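Asks: Before we start, here is the structure in question, set down as C-alpha coordinates.
The values are calculated or read from the model by the stated rules, or taken from the named source; none is laboratory data. Only a predicted model underlies this, so the values are computations on that prediction, with no experimental measurement involved. Counting neighbours? That spans all protein chains shown, and the Cβs are built from the backbone with ideal geometry, glycine included. Side chains are part of the model used for accessible areas, which takes the heavy atoms of the whole protein and leaves out ligands, DNA and RNA. Shrake-Rupley method; radii C 1.70, N 1.55, O 1.52, S 1.80 Å.
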Amino acid sequence: MESAAIGIFDSGLGGLTVAREIARVLPSEPLLYLGDTARCPYGPRDLAEVRRFVLEIGSWLENRHVKLIVIACNTGTAAGLSLAQRTFSVPVLGVVEPGARAAVQATTNRRVGVIGTEGTVRSGAYSHAVRALDAGVTVFSVATPRFVDIVEEGLRRDSGRVEDLLAHTSEVFIRPSFYEIARDYLDPLKRTGVDTLVLGCTHFPLLSTAISQVMGPSVKIISSAEETAREVAETLRRRDALATGQRAASHSFATTGDPAEFELLGSRVFGAPLGPVEKVELDELTSLPSPEMLREAAAMTEERSCV
Ligand code: DGL
(Lines give C-alpha, C1' and ligand atoms only; values in the text may rest on other atoms or scores of the structure.)
Protein backbone atom coordinates (compact mmCIF):
# COMPACT_ATOMS: atom_id res chain seq x y z
CA MET A 1 0.00 0.00 0.00
CA GLU A 2 2.68 2.51 1.07
CA SER A 3 4.57 2.15 -2.21
CA ALA A 4 1.42 2.70 -4.30
CA ALA A 5 1.25 6.02 -6.14
CA ILE A 6 -0.93 9.03 -5.44
CA GLY A 7 -3.21 9.44 -8.48
CA ILE A 8 -3.75 13.01 -9.69
CA PHE A 9 -5.65 14.38 -12.67
CA ASP A 10 -6.75 17.54 -14.42
CA SER A 11 -8.06 18.58 -17.81
CA GLY A 12 -4.49 19.37 -18.85
CA LEU A 13 -1.36 21.02 -17.54
CA GLY A 14 -2.89 23.13 -14.76
CA GLY A 15 -3.11 20.31 -12.22
CA LEU A 16 0.66 19.99 -12.39
CA THR A 17 0.75 23.09 -10.15
CA VAL A 18 -0.90 20.89 -7.50
CA ALA A 19 1.26 17.84 -8.31
CA ARG A 20 4.36 19.99 -7.95
CA GLU A 21 3.33 21.07 -4.46
CA ILE A 22 2.46 17.49 -3.43
CA ALA A 23 5.90 16.35 -4.67
CA ARG A 24 7.53 19.17 -2.67
CA VAL A 25 5.69 18.29 0.56
CA LEU A 26 5.92 14.50 0.08
CA PRO A 27 9.13 13.87 -1.91
CA SER A 28 9.12 10.10 -1.27
CA GLU A 29 5.62 9.57 -2.67
CA PRO A 30 5.38 8.34 -6.27
CA LEU A 31 2.79 10.27 -8.28
CA LEU A 32 0.74 9.06 -11.25
CA TYR A 33 -0.66 12.06 -13.15
CA LEU A 34 -3.12 12.07 -16.04
CA GLY A 35 -3.71 15.28 -18.03
CA ASP A 36 -6.86 14.99 -20.16
CA THR A 37 -5.48 17.46 -22.70
CA ALA A 38 -7.54 16.05 -25.60
CA ARG A 39 -10.73 17.23 -23.87
CA CYS A 40 -9.36 20.47 -22.33
CA PRO A 41 -10.98 22.85 -21.46
CA TYR A 42 -13.51 21.34 -19.05
CA GLY A 43 -14.73 24.76 -17.91
CA PRO A 44 -17.32 25.49 -20.63
CA ARG A 45 -18.74 21.93 -20.62
CA ASP A 46 -21.89 20.74 -18.96
CA LEU A 47 -21.14 19.58 -15.39
CA ALA A 48 -22.80 16.21 -16.15
CA GLU A 49 -20.25 15.61 -18.91
CA VAL A 50 -17.34 16.57 -16.64
CA ARG A 51 -18.75 14.22 -13.98
CA ARG A 52 -18.48 11.36 -16.49
CA PHE A 53 -14.85 12.31 -17.19
CA VAL A 54 -14.18 12.18 -13.43
CA LEU A 55 -15.59 8.63 -13.32
CA GLU A 56 -13.54 7.57 -16.34
CA ILE A 57 -10.22 8.92 -15.09
CA GLY A 58 -10.90 7.85 -11.50
CA SER A 59 -11.53 4.30 -12.80
CA TRP A 60 -8.30 4.44 -14.83
CA LEU A 61 -6.33 5.49 -11.74
CA GLU A 62 -8.02 2.89 -9.56
CA ASN A 63 -7.09 0.18 -12.09
CA ARG A 64 -3.50 1.34 -11.64
CA HIS A 65 -3.86 0.71 -7.88
CA VAL A 66 -3.28 4.25 -6.63
CA LYS A 67 -3.74 4.69 -2.88
CA LEU A 68 -5.47 8.08 -3.06
CA ILE A 69 -6.94 10.22 -5.83
CA VAL A 70 -6.61 14.00 -6.09
CA ILE A 71 -8.96 15.78 -8.50
CA ALA A 72 -6.50 18.59 -9.24
CA CYS A 73 -9.14 20.47 -11.20
CA ASN A 74 -11.72 22.80 -9.68
CA THR A 75 -14.25 22.10 -12.43
CA GLY A 76 -13.82 18.35 -11.96
CA THR A 77 -14.09 18.76 -8.19
CA ALA A 78 -17.23 20.89 -8.47
CA ALA A 79 -18.83 18.41 -10.87
CA GLY A 80 -17.81 15.06 -9.48
CA LEU A 81 -16.06 14.99 -6.10
CA SER A 82 -18.95 13.60 -4.08
CA LEU A 83 -19.79 10.98 -6.73
CA ALA A 84 -16.12 9.93 -6.95
CA GLN A 85 -15.94 9.62 -3.16
CA ARG A 86 -18.96 7.31 -3.19
CA THR A 87 -17.70 5.31 -6.15
CA PHE A 88 -14.04 4.58 -5.51
CA SER A 89 -12.58 2.51 -2.71
CA VAL A 90 -9.63 4.84 -2.08
CA PRO A 91 -9.94 8.34 -0.57
CA VAL A 92 -10.68 11.08 -3.10
CA LEU A 93 -9.70 14.70 -2.40
CA GLY A 94 -10.61 17.77 -4.39
CA VAL A 95 -9.18 21.27 -4.55
CA VAL A 96 -12.22 23.41 -3.72
CA GLU A 97 -12.52 22.76 0.00
CA PRO A 98 -8.80 23.31 0.70
CA GLY A 99 -8.88 26.64 -1.20
CA ALA A 100 -12.06 27.69 0.59
CA ARG A 101 -10.50 26.87 3.96
CA ALA A 102 -7.37 28.90 3.23
CA ALA A 103 -9.51 31.85 2.12
CA VAL A 104 -11.70 31.75 5.24
CA GLN A 105 -8.56 31.75 7.37
CA ALA A 106 -6.97 34.61 5.41
CA THR A 107 -9.82 37.11 5.07
CA THR A 108 -10.13 39.84 7.68
CA ASN A 109 -13.07 41.77 6.21
CA ARG A 110 -14.94 38.51 5.45
CA ARG A 111 -15.31 39.30 1.76
CA VAL A 112 -13.74 36.69 -0.49
CA GLY A 113 -13.45 36.75 -4.28
CA VAL A 114 -13.23 33.61 -6.40
CA ILE A 115 -12.21 33.35 -10.04
CA GLY A 116 -12.63 30.10 -11.93
CA THR A 117 -14.06 28.48 -15.01
CA GLU A 118 -17.69 28.90 -16.02
CA GLY A 119 -18.44 25.39 -14.73
CA THR A 120 -16.90 26.03 -11.31
CA VAL A 121 -18.62 29.38 -10.87
CA ARG A 122 -21.98 28.06 -12.12
CA SER A 123 -21.81 25.13 -9.68
CA GLY A 124 -21.64 27.44 -6.66
CA ALA A 125 -19.07 25.05 -5.20
CA TYR A 126 -16.97 27.75 -3.52
CA SER A 127 -19.96 29.52 -1.99
CA HIS A 128 -21.14 26.18 -0.55
CA ALA A 129 -17.68 25.28 0.74
CA VAL A 130 -17.04 28.71 2.30
CA ARG A 131 -20.50 28.83 3.87
CA ALA A 132 -19.97 25.39 5.41
CA LEU A 133 -16.78 26.70 7.07
CA ASP A 134 -17.95 30.19 8.05
CA ALA A 135 -21.46 31.35 7.27
CA GLY A 136 -20.42 34.97 7.92
CA VAL A 137 -18.10 35.19 4.92
CA THR A 138 -19.54 36.51 1.65
CA VAL A 139 -18.23 35.08 -1.62
CA PHE A 140 -18.13 37.02 -4.90
CA SER A 141 -17.42 34.75 -7.89
CA VAL A 142 -16.46 35.65 -11.44
CA ALA A 143 -15.84 33.26 -14.33
CA THR A 144 -12.59 34.08 -16.14
CA PRO A 145 -12.53 31.43 -18.88
CA ARG A 146 -10.00 33.18 -21.11
CA PHE A 147 -7.33 32.77 -18.43
CA VAL A 148 -7.26 29.01 -19.14
CA ASP A 149 -6.53 29.56 -22.87
CA ILE A 150 -3.98 32.22 -21.99
CA VAL A 151 -2.07 29.77 -19.79
CA GLU A 152 -2.22 26.87 -22.27
CA GLU A 153 -1.29 29.11 -25.20
CA GLY A 154 1.29 31.08 -23.21
CA LEU A 155 3.14 27.88 -22.31
CA ARG A 156 3.28 26.92 -25.99
CA ARG A 157 4.56 30.30 -27.11
CA ASP A 158 6.92 31.30 -24.34
CA SER A 159 9.89 29.16 -23.37
CA GLY A 160 10.88 31.32 -20.38
CA ARG A 161 10.28 30.65 -16.70
CA VAL A 162 6.66 29.66 -16.07
CA GLU A 163 6.51 32.07 -13.16
CA ASP A 164 7.05 34.91 -15.68
CA LEU A 165 4.55 33.51 -18.14
CA LEU A 166 2.99 36.80 -19.07
CA ALA A 167 6.02 38.99 -18.78
CA HIS A 168 7.10 38.23 -22.33
CA THR A 169 4.05 36.93 -24.10
CA SER A 170 1.02 38.99 -23.18
CA GLU A 171 1.44 41.61 -25.88
CA VAL A 172 2.47 39.07 -28.48
CA PHE A 173 -0.41 36.65 -28.67
CA ILE A 174 -3.27 38.08 -26.65
CA ARG A 175 -5.56 40.65 -28.22
CA PRO A 176 -6.61 42.69 -26.34
CA SER A 177 -3.70 42.47 -23.93
CA PHE A 178 -3.83 40.30 -20.84
CA TYR A 179 -4.15 43.36 -18.64
CA GLU A 180 -7.21 44.64 -20.52
CA ILE A 181 -8.87 41.23 -20.30
CA ALA A 182 -7.93 40.91 -16.64
CA ARG A 183 -9.25 44.37 -15.80
CA ASP A 184 -12.58 43.57 -17.49
CA TYR A 185 -12.90 40.42 -15.41
CA LEU A 186 -11.47 41.71 -12.15
CA ASP A 187 -12.60 45.35 -11.83
CA PRO A 188 -16.14 44.35 -10.73
CA LEU A 189 -14.56 42.08 -8.09
CA LYS A 190 -12.30 44.87 -6.87
CA ARG A 191 -15.34 47.09 -6.43
CA THR A 192 -16.88 44.56 -4.02
CA GLY A 193 -13.98 45.25 -1.62
CA VAL A 194 -12.74 41.66 -1.31
CA ASP A 195 -9.49 41.39 0.66
CA THR A 196 -8.79 37.80 -0.48
CA LEU A 197 -8.96 36.23 -3.93
CA VAL A 198 -9.06 32.48 -4.50
CA LEU A 199 -7.51 31.23 -7.73
CA GLY A 200 -10.31 28.71 -8.27
CA CYS A 201 -8.69 27.01 -11.24
CA THR A 202 -5.46 25.07 -11.12
CA HIS A 203 -4.20 26.85 -14.25
CA PHE A 204 -4.30 30.26 -12.58
CA PRO A 205 -1.29 30.04 -10.22
CA LEU A 206 0.77 30.48 -13.39
CA LEU A 207 -0.81 33.92 -13.76
CA SER A 208 -0.74 34.87 -10.10
CA THR A 209 1.85 37.65 -10.39
CA ALA A 210 -0.09 39.33 -13.18
CA ILE A 211 -3.46 38.82 -11.42
CA SER A 212 -2.03 40.27 -8.23
CA GLN A 213 -0.83 43.35 -10.13
CA VAL A 214 -4.38 43.96 -11.33
CA MET A 215 -6.02 43.30 -7.93
CA GLY A 216 -3.52 45.44 -6.02
CA PRO A 217 -1.15 44.70 -3.15
CA SER A 218 -3.80 44.68 -0.42
CA VAL A 219 -5.61 41.61 -1.84
CA LYS A 220 -4.26 38.25 -0.68
CA ILE A 221 -4.05 35.66 -3.43
CA ILE A 222 -4.92 32.08 -2.47
CA SER A 223 -3.97 29.05 -4.50
CA SER A 224 -5.31 25.75 -3.24
CA ALA A 225 -2.18 23.78 -4.17
CA GLU A 226 -0.47 24.16 -0.79
CA GLU A 227 -3.59 23.42 1.23
CA THR A 228 -4.37 20.40 -0.94
CA ALA A 229 -0.85 19.02 -0.52
CA ARG A 230 -1.17 19.43 3.24
CA GLU A 231 -4.48 17.58 3.21
CA VAL A 232 -3.00 14.74 1.12
CA ALA A 233 -0.14 14.40 3.62
CA GLU A 234 -2.49 14.45 6.60
CA THR A 235 -4.87 11.89 5.05
CA LEU A 236 -2.03 9.47 4.29
CA ARG A 237 -0.46 9.98 7.71
CA ARG A 238 -3.70 9.25 9.56
CA ARG A 239 -4.21 6.12 7.48
CA ASP A 240 -0.63 4.98 8.05
CA ALA A 241 -0.20 5.00 4.29
CA LEU A 242 2.78 7.32 3.86
CA ALA A 243 5.68 5.93 1.81
CA THR A 244 8.29 4.61 4.16
CA GLY A 245 11.46 5.12 2.08
CA GLN A 246 13.62 8.22 2.30
CA ARG A 247 14.59 8.29 -1.37
CA ALA A 248 13.04 10.74 -3.83
CA ALA A 249 10.23 8.95 -5.63
CA SER A 250 9.97 8.61 -9.40
CA HIS A 251 6.73 9.75 -10.99
CA SER A 252 4.66 8.69 -14.01
CA PHE A 253 2.76 10.99 -16.33
CA ALA A 254 0.12 10.30 -18.95
CA THR A 255 -1.98 12.38 -21.32
CA THR A 256 -4.86 11.93 -23.71
CA GLY A 257 -3.20 14.56 -25.93
CA ASP A 258 0.23 14.77 -27.52
CA PRO A 259 2.77 13.07 -25.19
CA ALA A 260 5.81 14.91 -26.58
CA GLU A 261 4.20 18.31 -26.14
CA PHE A 262 2.92 17.34 -22.67
CA GLU A 263 6.43 16.30 -21.65
CA LEU A 264 7.93 19.55 -22.88
CA LEU A 265 5.38 21.95 -21.41
CA GLY A 266 4.57 19.87 -18.35
CA SER A 267 8.21 19.70 -17.25
CA ARG A 268 8.19 23.48 -16.98
CA VAL A 269 5.01 23.59 -14.92
CA PHE A 270 6.08 20.67 -12.71
CA GLY A 271 9.53 22.20 -12.24
CA ALA A 272 11.37 18.96 -13.10
CA PRO A 273 11.65 16.76 -16.19
CA LEU A 274 8.57 14.55 -16.55
CA GLY A 275 10.38 11.87 -18.55
CA PRO A 276 8.53 9.92 -21.25
CA VAL A 277 4.78 10.55 -21.09
CA GLU A 278 2.31 7.72 -21.71
CA LYS A 279 -0.44 8.22 -24.28
CA VAL A 280 -3.91 7.19 -23.10
CA GLU A 281 -6.58 6.76 -25.75
CA LEU A 282 -10.00 8.28 -25.09
CA ASP A 283 -11.63 4.98 -26.15
CA GLU A 284 -9.88 3.29 -23.26
CA LEU A 285 -11.13 5.88 -20.77
CA THR A 286 -14.71 5.97 -22.01
CA SER A 287 -15.01 2.18 -21.73
CA LEU A 288 -14.11 2.09 -18.03
CA PRO A 289 -17.11 3.25 -15.96
CA SER A 290 -19.64 0.50 -15.27
CA PRO A 291 -23.31 0.97 -16.26
CA GLU A 292 -24.16 1.35 -12.52
CA MET A 293 -21.66 4.18 -12.16
CA LEU A 294 -23.07 5.96 -15.19
CA ARG A 295 -26.63 5.48 -13.93
CA GLU A 296 -25.74 7.03 -10.60
CA ALA A 297 -23.96 9.93 -12.33
CA ALA A 298 -26.97 10.56 -14.56
CA ALA A 299 -29.30 10.55 -11.55
CA MET A 300 -27.36 13.25 -9.73
CA THR A 301 -28.77 16.74 -9.52
CA GLU A 302 -26.44 19.71 -9.62
CA GLU A 303 -27.28 20.48 -6.00
CA ARG A 304 -25.98 17.09 -4.87
CA SER A 305 -22.84 17.42 -6.92
CA CYS A 306 -21.64 20.51 -5.10
CA VAL A 307 -18.80 20.19 -2.63
N1 DGL B 1 -7.67 23.41 -14.40
C2 DGL B 1 -9.09 23.30 -14.44
C3 DGL B 1 -9.73 23.80 -13.15
O4 DGL B 1 -9.08 23.87 -12.13
C5 DGL B 1 -9.83 24.00 -15.53
C6 DGL B 1 -9.31 24.22 -16.86
C7 DGL B 1 -10.36 23.82 -17.89
O8 DGL B 1 -11.27 24.61 -18.17
O9 DGL B 1 -10.22 22.71 -18.35
O10 DGL B 1 -10.90 24.11 -13.15
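Asks: When each pair of different Cα atoms in region 97-137 is counted once in the 1/r mean, what is the Kirkwood radius in angstroms, to one decimal?
Replies: 10.3
Asks: Ignoring any ligand, DNA or RNA, what whole percent of the accessible area of the chain comes from carbon and sulfur when the probe is 1.4 angstrom?
Replies: On the way: 6240 of 12610 Å².
Using a 1.4 Å probe with all protein chains present, the chain comes out at 49 percent carbon and sulfur.
Asks: Checking a compactness column here: for the chain, what do you get for Rg(Cα) / (2.2 N^0.38 Å), N being the number of residues?
Replies: 0.94
Asks: OK, next. At q = 0.22, 0.23, 0.29 Å⁻¹, what log₁₀ I(q)/I(0) does region 51-108 have when each alpha carbon counts as one equal point scatterer in the Debye sum?
Replies: Taken in order of the listed q values, log10 I(q)/I(0) reads -0.78, -0.83, -1.17.
Asks: Given Cα pairs under 8 Å that are at least 6 residues apart, what percent is the relative contact order of the chain?
Replies: Relative CO of the chain lands at 28 percent.
Asks: Which aspartates and glutamates have a Cα less than 17 Å from the Cα of K279, not counting those fewer than 8 places away in the same chain?
Replies: List returned: D10, D36, E56, D258, E261, E263.
Asks: So which aspartates and glutamates pass the test for K190, namely a Cα distance under 18 Å, with those fewer than 8 places away in the same chain ruled out?
Replies: Straight-distance partners of K190: E180.
Asks: I'd like the trypsin sites (Lys or Arg not before Pro) in region 204-293 restricted to DSSP loop residues with at most 10 other Cβ atoms within 10 Å, sorted by number.
Replies: Loop-located and lightly packed - R247.
Asks: Using a 1.4 Å probe, what is the accessible area per residue for the chain, in Å²?
Replies: Per-residue accessible area for the chain comes out at 41 Å².
Asks: Using alpha carbons only, how many angstrom separate the centre of region 211-250 from the centre of region 80-159?
Replies: 15
Asks: Additional query: Find out how many positive minus negative residues lie around E97, taking Lys and Arg as positive, Asp and Glu as negative, among other residues whose Cβ is under 11 Å from that of E97.
Replies: Residues near E97 contribute -1 overall.
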